[in-house]
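First up is the structure itself, then whatever we jot down about it.
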Amino acid sequence: MNSKMSPEVKGFFDPATYTISYVVSDPESLKCAIIDPVLDFDMASGRSSHDSANHLLDYVKDRNLDLEWILETHVHADHLSSAPYIQKNLGGKIAIGKNVTQIQNTFGLLFNEKDCFLRDGSQFDHLFDDEEVLHIGNITCQVMFTAGHTPACVTYICGDAAFVGDTLFMPDYGTARCDFPGGDAKQLYHSIEKIFGLPDDTRLFMCHDYAPNGRDYAWQSTIKEEKEHNIHINKKVSEDGFVQLREMRDKNLTLPELIIPSIQVNMRAGQMPEPEDNGKIYLKVPYNIL
C-alpha cells in the first residue's frame, strides 16, 4: 500500500448522536466512499428523517463525486445507519467486516428474530476479510480487524488516513467501551496496538466526539498523538492496566439512548425489519433483558 496516497476527507458531525460521518475521496479520479452515515431518528415518536444523510448527498453531488463504497466500521449501537438511503440516491456497495455474522447471531437471539432474519451477512453487498484491499479511485485501502468494542469492528486504512470507528477517541477521551455482548477489553488492547503499528503521521478519524471539559468538538488525531497522550492507552499503560481501567469504567456506563432501534436496524445493513401483517414496521423493545 502506498502510504503517500492522501485522500481528501470531509467530516460531518451529528450533534444528536455525537457521530461523525465521512466522505473520503480521491482528488484525481473523483471517486469516493462514505463511512458511517447517520439516519436521524426520534425515539419518542419512532420517526426517522434524512437531514444528516442529505448533507452527505449534497456534498457528493456538488463536487461531482462518484460513490463507490458505503462503509460501516461496525454495527453501531448509538445511531441508525442511513446506508440504504445513500445507496438509493448515489449507488455504491454497502460493506462491513465479515464478523458481522457474530453480531447477527447474538442479537438475532436477543431480539427473538424469526428465520426470515438471515444471520449470514447477506444484507450487505460485501463482507470484508481481515487485511482485504479495496480501492477508492486511485487510493488503496486496507481493512484491519480491530475487535474489542464489538466482535465486528474494523478500521479502514486509506492511504495516510485511518478510520477507527469506536475503537479510539480523541486522546483526552480515551477508548471505546467493551461491555456490549461480545466485547472484550483485552481484545481491544491488542487491536489498538495493531493500529499503533501504523506510521506515526497517519491521520486518525474518530466516529464520535463528546467535547470533554468544554473544548470544541474535534475528530482528527494522529498515531503519534494517541500513543503519547491517550488517557486510557499510551506508551506507559500495560495490557493489565488497560483491561482493569476499561472494565472498571464500563461498570458505571449507561446504555446508549438509541441502542435498541440501532442494533435491530444496523445488523440489517440499515434496513428496517419486515412489515407485519398490517403493513406496518415495528421495532422491538426487549423487556428486562439488556
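The condition of being in contact with a Pro (Cβ under 8 Å, 6 or more places away or on another chain) and small (G, A, S) holds for only one of S262, S238, that being S262. Summed over the stretch 186-196, the residues that are out of contact with any Leu (no Cβ under 9 Å at 6 or more places or on another chain) and within 25 Å of V23 (Cα to Cα) give a count of 3.
Among the residues of the stretch 147-196, those that are among the acidic types (D, E), in a loop (DSSP other than H, G, I, E, B) and out of contact with any Cys (no Cβ under 7 Å at 6 or more places or on another chain) comprise D160, D172, D179. Which one is surrounded by the most Cβ atoms within 10 Å (Cβ to Cβ), of the residues in the stretch 1-36 that are closer than 13 Å to C158 by Cα and aliphatic (A, V, I, L, M)? Result: I34. Exactly one residue out of N64, N89, N99 is in contact with a helix residue (DSSP H, G or I) (Cβ under 8 Å, 6 or more places away or on another chain) and polar (S, T, N, Q), and it is N89. Considering (1) over 13 Å from H79 (Cα atoms); (2) in contact with a Phe, Trp or Tyr (Cβ under 8 Å, 6 or more places away or on another chain); (3) buried (at least 20 other Cβ atoms within 10 Å of the Cβ), the lone condition that L39 does not fulfil carries the number (1). Scanning the stretch 78-100 for residues that are among the aliphatic types (A, V, I, L, M) and surrounded by fewer than 21 Cβ atoms within 10 Å (Cβ to Cβ) turns up just one, L90. In the set (1) within 25 Å of D14 (Cα to Cα); (2) in a strand (DSSP E or B), L127 fails one condition alone, (1). Where helices (runs of 4 or more DSSP H) fall wholly inside the stretch 199-288, the ranges with 2 or more residues that are among the aliphatic types (A, V, I, L, M) and at pLDDT 95 or above are 239-250, 259-266.
Residue-level check: of (1) under 12 Å from the mean Cα position of the chain (by Cα); (2) of a type in the set (S, T, Y); (3) over 21 Å from G165 (Cβ atoms), T73 misses just (3). Quick check, is T140 hydroxyl-bearing (S, T, Y) and under 29 Å from L283 (Cβ atoms)? No; evaluated as a whole, the condition is false for this residue.
Screening D120 with (1) surrounded by fewer than 20 Cβ atoms within 10 Å (Cβ to Cβ); (2) in contact (Cβ under 8 Å) with a residue 24 or more places away in the chain gives one miss only, at (2). Among the residues of the stretch 142-161, the ones that are of a type in the set (A, V, I, L, M, F, W, C) and crowded, with 24+ Cβ neighbours inside 10 Å come to 4 in all.
Give the residues of the stretch 263-290 that are of a type in the set (D, E, K, R), loosely packed, with under 13 Cβ neighbours inside 10 Å and farther than 23 Å from K93 by Cβ, sorted by residue number. Don't jump to the end; show me each part of the working.
Going residue by residue through the stretch 263-290, those that are of a type in the set (D, E, K, R) are 268, 274, 276-277, 280, 284.
Those left that are additionally loosely packed, with under 13 Cβ neighbours inside 10 Å: 274, 276-277, 280.
Those that are of a type in the set (D, E, K, R), loosely packed, with under 13 Cβ neighbours inside 10 Å and farther than 23 Å from K93 by Cβ: E276, D277, K280.
The values are calculated or read from the model by the stated rules, or taken from the named source; none is laboratory data. All of these numbers come straight from a predicted model, not from anything done at the bench. Virtual Cβ from ideal backbone geometry, glycine too; neighbours counted across all protein chains shown.
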